[in-house]
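Input: a single structure, listed below in structure tokens.
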Amino acid sequence: MALPSTVYRAALQLSHVDRGRYETLSFSIARHPSETAERLVLRLLAYALCFGPELEFTRGICAGDEPDLWTKAPDGRVALWVEVGTPEPERLMKAARHAGRVVLLASGPNRYRWDGPQLPKLAGIPNLTVIGLDDRFVRQLAASLSRAIAWEVTVTGGSIYVTAAGMTCDAQLELLAGPALDDLP
């Protein structure tokens, strides 16, 4: 018998100074049995970094042809495609051909080995943004993860600060390729 997904309740107090967005967000997010806590944290961080009123979580790793998050236009086309981790560049290239904008939040234990060979393949894609995030930051947040997530997230000056469970963590958002996120809707 297959294990069910675990549902988390999230409350984010978002202050995205770089984009001029200040929101109080409450939502549920499902964690697939094969998904790590670090990957769930990355999806939450991507949601905060790319937040817009139409942004939604997809079926994620359950559906190989969908990103982790997306925004769809009224005609059904994908306006914003958001991935996390270190996917194959071909997946991002294909997404860039079909979506208005593609964002990758690159992080993971092998990210620095991924950067060297993969970033040059992605450099010429005008609608792709790759943001690098230190895996230690993600692991620190994952270690304090509970089923009731209450985070204060501040993004300013190219850095992200997350206050969770009485501790504050911070990291640089490294722009590795493409335009900054400032112009997202």
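Below, the figures for the structure above:
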| quantity | calculated |
| --- | --- |
| Residues 170, 115, 183, sorted so that the one with the fewest Cβ neighbours within 10 Å comes first | 183, 170, 115 |
| Local electrostatic count at residue 127 - Lys and Arg +1, Asp and Glu -1, tallied over other residues with Cβ under 10 Å | +2 |
| Long-range tail of P(r) for segment 6-183 (Cα pairs > 24 Å, %) | 31 |
| DSSP bridge orientation in segment 1-148 - percent antiparallel, rounded to nearest 5 | 60 |
| Spin-label model distance (nm) - residue 23 vs residue 98, 7 Å beyond Cα toward Cβ | 2.4 |
| Peptides ranked, highest mean first, by Cβ atoms within 10 Å: ranges 138-149, 35-46 | 35-46, 138-149 |
| Residue-averaged 222 nm ellipticity for the chain, from DSSP H runs of 4+ at -39500 (n - 2.57), nearest 500 | -7500 deg cm²/dmol |
| Pairwise FRET efficiency - residue 167 versus residue 66, Cβ, R0 = 41 Å, nearest 0.05 | 0.80 |
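Only the coordinates and a few stated rules stand behind these numbers; no lab work does. Just so you know, these numbers come straight off a predicted model, no measurement behind them. Counting neighbours? That spans all protein chains shown, and the Cβs are built from the backbone with ideal geometry, glycine included.
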